[in-house]
Each structure stands twice: as structure tokens, then as C-alpha cells.
Amino acid sequence: MNEYQLYIDGEFCEASDGNRFESTNPATGEVWATAPGATEADVDRAVRAAKRALTEGDWPALTATQRGRLLYRLADLVAEAAHDLGSIETTDSGKLAAETRAQSAYVADYYRYFAGLADKIQGDTLPIDKPDLHVFTTREPVGVVAAIVPWNAEMFLTATKVGPALAAGNTVVIKASEVAPAPLLAFARVIDEVGFPPGVVNLITGFGEPCGRALTSHPMVDKVAFTGGVETARHVVANTVHNLAPVTLELGGKSPILVFDDADFEGAVNGAIAGNFGASGQSCVAGSRVFVQSGIHDEFVAEVVRRAEQIRIGDPLADDTQMGPLATVAQRDRIEDVVAESTAQGATLHTGGRRPEGLDDGWYYQPTVLGCPDQDVRSTRVELFGPVMSVLRFDTEDEAVTMANDTEFGLGAGVFTRDVSRVHRVSRAIRSGIVWVNTYRAVSPIAPFGGFGDSGSGREAGMDAIHEFTTTKTVWINTSTEPMANPFTIR
Ligand code: TXE
């Protein structure tokens, strides 16, 4: 059994009430680790440590370049630990080791990108409309950041918050998901090795109640960066009524992939496969509504089904596995319910829709392709967070765009076509934070990431992320040789 600890104020510790909860390996259904569930008192201690570190001690005295150096060191240590951190993430969340290890290694590039930005965060000098005044702005850290991270890409979703937050001089309390707390609690050892002043980075875990609630409503929290589901986001936003902290929300979606008759067929099939079955479909940018133009619709469905049926499902730690289990049994139960409801509503089950044979211990589900007559079918409406592709037919470009935009979400979109004018028309018309053309699921530290509508607000990555974690200070300096005028003397 692996026993993890919280990391508060530079020390590893247990929860104040001594309680621990169990974490299950989704590939086997067996408990493999335990973690302390942070209490309100633990949350309070972590936030106070972060508050102290923000204004006292070594952290606020560092130059921006020195902060950047610490982030470079973090990047190097993450790169060294990538294989082990990836294995822990796979064991705890069921996500494929090939993905978690590669993602942990790429996470180092996120820290490097933000390390480089640390001393490039600058304000403006203003050509002010008054004599004898010199006015300039600086970008200041917002303060104590609460970073709430789900289980589906933990190292990555932590880097997109912690990288820009630290580069800008903030301090952070990271809350790891109770579904898979181990990777981030293991990451605390890497944080400890970097040598940040105590309290700059704190790592806790626990359930929404009390841990998530206590953290997001804490009066000393100045900013909340949240990735998770829409319903939880509503609680988070409601909690911030207590501290009025601005909130960045990254909430997943029901992203469309539009495949036109003139598309490169192989590329479009690969886009749909990657968008739906990569990470067992447990990806916020899953392209789970695939719209295919009539001319190639039947051929496309046949090929996608053939490819889905070839996917090797199994132990996510094994090198030759292509798809692992779902992260929780509740997740699989819900997918089964929605697929059953969708077929009852008239969807055709082209393939999948069942648990794979011989993998009874873990929470596995077959790659599934549903042919949907319209978007009244439930699988086209709700985020399933599983390997379920809903395919719909369209005739005209306008029809495709209208159908693609018929959703509350707006995170990603894929467009597959060879027509360059259509590329511009369609990517302009689609309401989503990201559009991929003839590719899908690409991310980079350099490119802003985030959504429209119920997919969230604010942007992670790129220079935009720095703006999310800084606030403007305006400095007015009287340069006159005369003292400031008496406000009650009328001239
Ligand atoms: O996420 P939750 P869950 C979607 C996906 C999935 C659904 C539910 O559709 O099926 O959300 O997943 C913490 N105050 N996404 O239940 O509940 C919680 O402890 C503060 C999309 O796993 O949103 C965890 O650390 N925090 C997605 C985090 O919120 C609270 C990724 C996320 O958990 C809280 C994951 C509270 N009151 C799920 N209650 C994406 N955008 O990629 C819970 N939490």
C-alpha cells in the first residue's frame, strides 16, 4: 500500500483529524494507495502559509529572473521524474502510461515556457492627459491562488495553473482530485526538492466537501483556477461570493469535428479516432460529435468502426495497450446509461456499447460508435467523458455549422477539408475557444487554451495565462517642483 501525505508550508504532514481515504486502481478495481483528506483546519493552514509566503520571507524579495530560475529547476526535475510520475498517474487514474509519461515530460516544457516569461511581465508608461505627472502601470501578482485539479490530466492541468501563477509571483494551494490524488502528492516531493520558500507551493487533497468548499471560499484566497465539471463549477463560483476571487474555469465540452467530402480521408479518420478514443475519451477536448458530409458518410462510418474494433484494450501500464479503463466505476455506469438511452431514442449502435470480455476486474468500456439521426439524442448533448463517438450526417456547410454550434459548450472544434476558403469561413463561424484544422487535440504552452459558454472562461497557456494571474497597479508621480495644490483653493 502506498501512503501519501499532504504538503503544507514546506512540510509533509497528515490531516489534522488523522483520517485517510483510499484510492483505487481502475485497471484492477483494487485499492493501491491512501491519502489524507484535508480538513477545514488543514485548508486554513495551507492558505495562511501561502498568504505569509506572498508578503514575507524570501519569495517576494526574489527578482523575476530568480523566480524564473526556480521554475527552470522545477522543469528539469519534472523531466527527470516524468517516467515515475507518469506510472503513478496511470496506476491511480487508469490513463495510458504512454500518454501520462509523455505528458509529464512535455509538462517540463510548460514550466520552461513560464520560467522564460517570468522576467518579461511588464507594464506601460502612460501618455497621461495632465501636466507634471508621470504615470506608469505594473503587473502585480493577484495573491494566493487556489488551483483545483481533476483526475484526467493532473500533471498537465497543474502546470497550466502553477506555471503562470509562480512566474507572476503568486503563491499557490493545489487541490488534487480525490479520485486520483497520488500523482500530485508524489509531485510534492519534486516541489520540495526545487527549494521554493516554505508556503509558496502547498499540495493538499480531499473531497469537495469540506476540502474544495473550504479552499474556494477561504477569505484569503485571491484567485481560483478550476478545471472540472460544469456542476462543480457552479458550486465553486457560488463559493467565491465569500472572497470575491476571480475564477478561471476550464469545464470540458461536447466538441464538434466537421468532416467535409473533400477532406483527406485518412487524416479525418485519425482526427475522429484521436478525438474520441485517446485517453479513453476522458479528455475535455474530446471531439465527441462527428459531423460527416453525405458524400463520404457511409464510407467514413465503416472505416471508423473498423479502426475502433482494432483498438487494443487492456492494462494501461503495458506498452502495447492502446486504450485503458475509465477512471471511476460511476463514470462507466453513467456512460452505459446514456448509450442505452440514446439507442432507445433512435441512435444506431455501430460498434461497442459493452464491457470488453475478459477484463472484468477493471472499469473498461469498448470504443463505441453511435449513428445519431439528430441532436435530440442524448449522447450528442451531454459530456460523456468516455470512448463514445456520436456521428451525424450533413449535406451543406451552413447546416454543419448550425449543428456544430447547437450546444451550450464551446471548447474545441475540428474541421477537415482541403478548401482553404472554407477553412476560414468555418473556423470564423464556429463558436469555440480552439479550432483545429486538419488536425486535432494539439496543445502547446505557447497557445492559449480555453472555451466559450459552459466550457468556461479565462485562458490557460500562452501570454494570456499570465494576465489571468496578474492584476494592474497604476502609479501616479508628481514631477512638479511645486507642492500639490490645496484642493480647496479656487484659482
Ligand atoms: O469532476 P469534478 P468529476 C467533467 C466530466 C466528468 C464530470 C464529473 O464530464 O464526467 O466533469 O467529473 C473538486 N468546491 N470533467 O466529478 O467534481 C473535486 O474534488 C471546490 C471535465 O471528477 O468537477 C476535484 O478536485 N472544489 C473535466 C475537482 O473539483 C470541488 C475534467 C473536479 O471535480 C467541489 C474532469 C466544491 N464544492 C471532469 N466539489 C475537464 N474540464 O477536463 C468538488 N470539487
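The values are calculated or read from the model by the stated rules, or taken from the named source; none is laboratory data. Since the model is a prediction, treat every value here as computed from it, not as a measurement. With ideal geometry, Cβ positions are generated from the backbone for all residues, glycine too; neighbour counts draw on all protein chains shown. Keep in mind that these areas ignore ligands, DNA and RNA; they rest on the heavy atoms of the full protein, side chains included. Shrake-Rupley method; radii C 1.70, N 1.55, O 1.52, S 1.80 Å.
Taken over region 227-252, residues that are within 8 Å of the ligand (Cβ to nearest atom) and open to solvent by less than 60 Å² (accessible area, probe 1.4 Å) amount to 10. For region 344-361, the condition of being open to solvent by less than 50 Å² (accessible area, probe 1.4 Å), among the polar types (S, T, N, Q), touching a Lys or Arg at 6+ places or on another chain (Cβ under 8 Å) and outside any helix (DSSP H, G or I) holds for none of the residues. Within the bounds of region 100-115, is there any residue that is modelled with pLDDT of 95 or more and not in a helix (DSSP H, G or I)? No. Quick one: in region 387-420, which of the residues that are outside any loop (DSSP other than H, G, I, E, B) and among the hydroxyl-bearing types (Ser, Thr, Tyr) is least open to solvent (accessible area, probe 1.4 Å)? Taking the candidates together, the pick is Ser390. Restricted to region 1-53, the set of strands (runs of 3 or more DSSP E) holding at least 1 residues that are within 15 Å of Val201 (Cβ to Cβ) and in the same structural domain as Pro197 (by TED's automatic domain parsing) comprises 6-8, 11-13.
In summary, Gly123 fulfils each of the numbered conditions (1) in a helix (DSSP H, G or I); (2) surrounded by fewer than 22 Cβ atoms within 10 Å (Cβ to Cβ) with the single exception of condition (1).
The condition of being within 16 Å of the ligand (Cβ to nearest atom) and open to solvent by 10 Å² or more (accessible area, probe 1.4 Å) holds for Glu383. Annotation: Ile273 fulfils all but one of (1) open to solvent by 10 Å² or more (accessible area, probe 1.4 Å); (2) assigned to a strand (DSSP E or B); (3) away from the ligand (no atom under 16 Å from the Cβ); (4) among the aliphatic types (A, V, I, L, M); the unmet one is (2).
For region 212-226, residues that are of a type in the set (Lys, Arg) and more than 10 Å from the ligand (Cβ to nearest atom) total 1. The set of residues in region 299-331 being aliphatic (A, V, I, L, M), open to solvent by 20 Å² or more (accessible area, probe 1.4 Å) and within 16 Å of the ligand (Cβ to nearest atom) consists of Val329, Ala330.
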